[in-house]
Amino acid sequence: IGTFFQERPLLRNPFTQDALLRGYLRRHLPLQEVQLDLTAFGERVVCEIDDLGRQCEQNPPRLQPYDAWGHRVDRIITCDAWTRMKHISAQEGLVAAGYERRFGEWSRVYQMSKLYLYAPSAGLYSCPLAMTDGAAKVIESLGMPIREAFERLTTRDEKRFWTSGQWMTERKGGSDVANGTETVAQRQEDGSYRLYGFKWFTSATDADITLTLARITDHHGNTTPGSVGVSLFCAEVWDSEGRTNGVEIQRLKEKLGTRQMPTAELLLDGMRARLLSEEGRGVASIANMLTLTRIHNTVSAVAAMRRITQLGREYSTKRSVFGKLLKDHPLHVQTLSRLEVETRAAFLLMMEVCRLLGREETGAATERDTHLLRLLTPVAKLYTGKQAVAVVSEGLECFGGQGYIEDTGLPALLRDAQVLSIWEGTTNVLSLDVLRSISKSSGRVLQAFFSDVEERLRGAGPALLPAVQSLHSSLSGLAQFIQTAESRPSESLQLAARD
Ligand code: MFK
Ligand code: FAD
């Protein structure tokens, strides 16, 4: 009954539809090769990848702990679309592009642009790619102790391509990793280690290898507490027969979102592993991984904002209410405009961090760039993680009731956005990381930030310059204050009263 059926919003090529991304690349990386690749990839997202992502959502992974005869098998069964995502990721060089460095200091901008088109359709395959990129970065920064693994993590050959996990969180501590790590590592005669412990959250557990943290035991079986007792290890997760390497998968977690990928609780019961960092430098060594995964998190957050804004705009040209299209209702346009402004601002922050990363990795970074990268990585992650939830939530409302209906594919965007402020460091933990970066650099990251902003304003917005300069001078004592607060809390109260 009834003749009216609403036309659905269409996903169009996310590259050709994105004027801001195209404009940014025209200014900074104006190569036809890049334009052609991203246009073709955008087409692939629409015609192939988006559907695979939906299939991952509809066929979530499951655990087969035992076979019919009671043997432990610990198999994680994923759908074909998930496997296909792995192949596509390799073919498209979604990790490789960051290490081939074909576009010099702009290589990360190119790679992350591609991931930005991919993420909202990826069925969360963006998560294993983030960790894979982070693992490659750690291995590279430690001077390639495991070259074959690095090559596999960064290859375009789908048959050789490996992904990596990042097993840090234990029951006692996800934020406080240094004190929360109870896993122990026992040295073997051949120089390898066996790990014993319990990892509480391990995402994309079907990965080929993992980086993980443990405390090395001495001859008496004792360990050193705190950060200085934690070392970084690398382990293969499966053997060639598909059996786990000394790991029992306890269960897969039931989650609000990210249901497309497995997140497991793991008992490590003699997992054979290789020491990757210097003894006791585990937390500092895995920090390189955190930098990369936090940047990926930022890309996924901004990509979710862009996707909902793009679909909302498209819908406004199709849905008619009170006698005219939504796009002709000023109040609705105001809502869409707010989403657009948030998305654009977040996009520019994201691209700035990617640009700085590319410069640092190709030796083009100035000292100021390095300070800015350190400061802006947690800022971008914490800000966009929060904004993604707000923007996607408001974005769903633009579809009215349909925004709440599962098989439109829209609700998954909100579910999956909610994790972006939790994993890879919660908002408050990242706020403290910002303070850490100020304190450890004796305030130089802040100096770098203000001199960068002042330089930009001198050209583009001199009217704002006095306000920024006054903020700069009022914050100039912050580093001293943080350092004093850490070492001599009572003296810091006097400083606070004075300043
Ligand atoms: C879709 C895209 C993303 C998908 C990926 C998702 C899948 C994976 C999901 C996960 O959630 S994986 C687990 C993520 N876990 C975290 O993010 C942990 C959150 N906690 C922190 O970030 C803590 O700040 C941290 C454990 C890193 C450190 O806490 P501590 O032990 O209190 O730090 P401390 O003692 O200040 O620092 C130890 C060393 O690390 C110092 O170096 P030094 O020994 O050389 O002085 C620090 O400078 C260094 N460090 C800490 N944070 C750093 C850092 N270095 C560089 N950058 C940082 N951000
Ligand atoms: P807690 O550390 O107990 O934090 C609880 C609250 O305390 C938070 O609000 C936090 O902000 C606050 N808090 C903590 N410290 C401070 C402080 N110093 N000052 C003020 N407030 C503070 N981990 C992995 O290692 N590998 C994975 O693959 C992985 N995948 C995940 C997948 C999903 C879907 C989720 C939800 C989590 C995953 N995690 C993974 C774990 C994630 O990284 C942690 O949950 C996160 O870092 C927070 O740690 P926690 O759960 O122990 O919370």
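The values are calculated or read from the model by the stated rules, or taken from the named source; none is laboratory data. Source: prediction; values computed, not measured. Reconstructed Cβ throughout: ideal geometry from the backbone, glycine too, with neighbour counts over all protein chains shown.
For the reader, a short list of remarks on this structure follows.
- Matching residues in region 142-198 - criterion: being assigned to a loop (DSSP other than H, G, I, E, B) and in contact with a Pro (Cβ under 8 Å, 6 or more places away or on another chain): Thr163
- Residue match in region 313-327 (condition: part of a loop (DSSP other than H, G, I, E, B) and within 16 Å of ligand 2 (Cβ to nearest atom)): no
- Restricting attention to region 393-425 and to residues that are in a helix (DSSP H, G or I) and within 11 Å of ligand 2 (Cβ to nearest atom), the residue that is surrounded by the fewest Cβ atoms within 10 Å (Cβ to Cβ) turns out to be Arg415.
- Applying a threshold of 7 Å to beta carbon distances and a minimum spacing of six or more residues, or different chains, the list of pairs starting in region 284-299 at a residue that is over 14 Å from Leu142 (Cβ atoms) and away from ligand 2 (no atom under 15 Å from the Cβ) and ending at one that is assigned to a helix (DSSP H, G or I) and of a type in the set (Gly, Ala, Ser) reads Thr298/Ala380; Val299/Ala119.
- Search result, residues across region 329-372 that are within 22 Å of Ala97 (Cβ to Cβ), in contact (Cβ under 8 Å) with a residue 24 or more places away in the chain, in contact with an Asp or Glu (Cβ under 7 Å, 6 or more places away or on another chain) and of a type in the set (A, V, I, L, M, F, W, C): Ala364
- For Asn288, the conditions (1) assigned to a loop (DSSP other than H, G, I, E, B); (2) within 9 Å of ligand 1 (Cβ to nearest atom) all hold with the exception of (1).
- Boolean, Arg84 is at negative phi, assigned to a helix (DSSP H, G or I), touching a residue at least 24 places away in the same chain (Cβ under 8 Å) and buried (at least 21 other Cβ atoms within 10 Å of the Cβ): no
- Being aliphatic (A, V, I, L, M), more than 19 Å from Gly280 (Cβ to Cβ) and within 15 Å of ligand 2 (Cβ to nearest atom) is a property that does not hold for Ala178.
- Residue in region 106-157 that is farthest from Leu38 (Cα to Cα), counting only those that are within 16 Å of ligand 1 (Cβ to nearest atom) and of a type in the set (Val, Ile, Thr): Val138
- For region 168-186, the set of residues classified as touching an Asp or Glu at 6+ places or on another chain (Cβ under 7 Å) and either near ligand 1 (Cβ under 9 Å from one of its atoms) or not assigned by TED's automatic domain parsing to the domain that holds His219 (or both) consists of Gly180 only.
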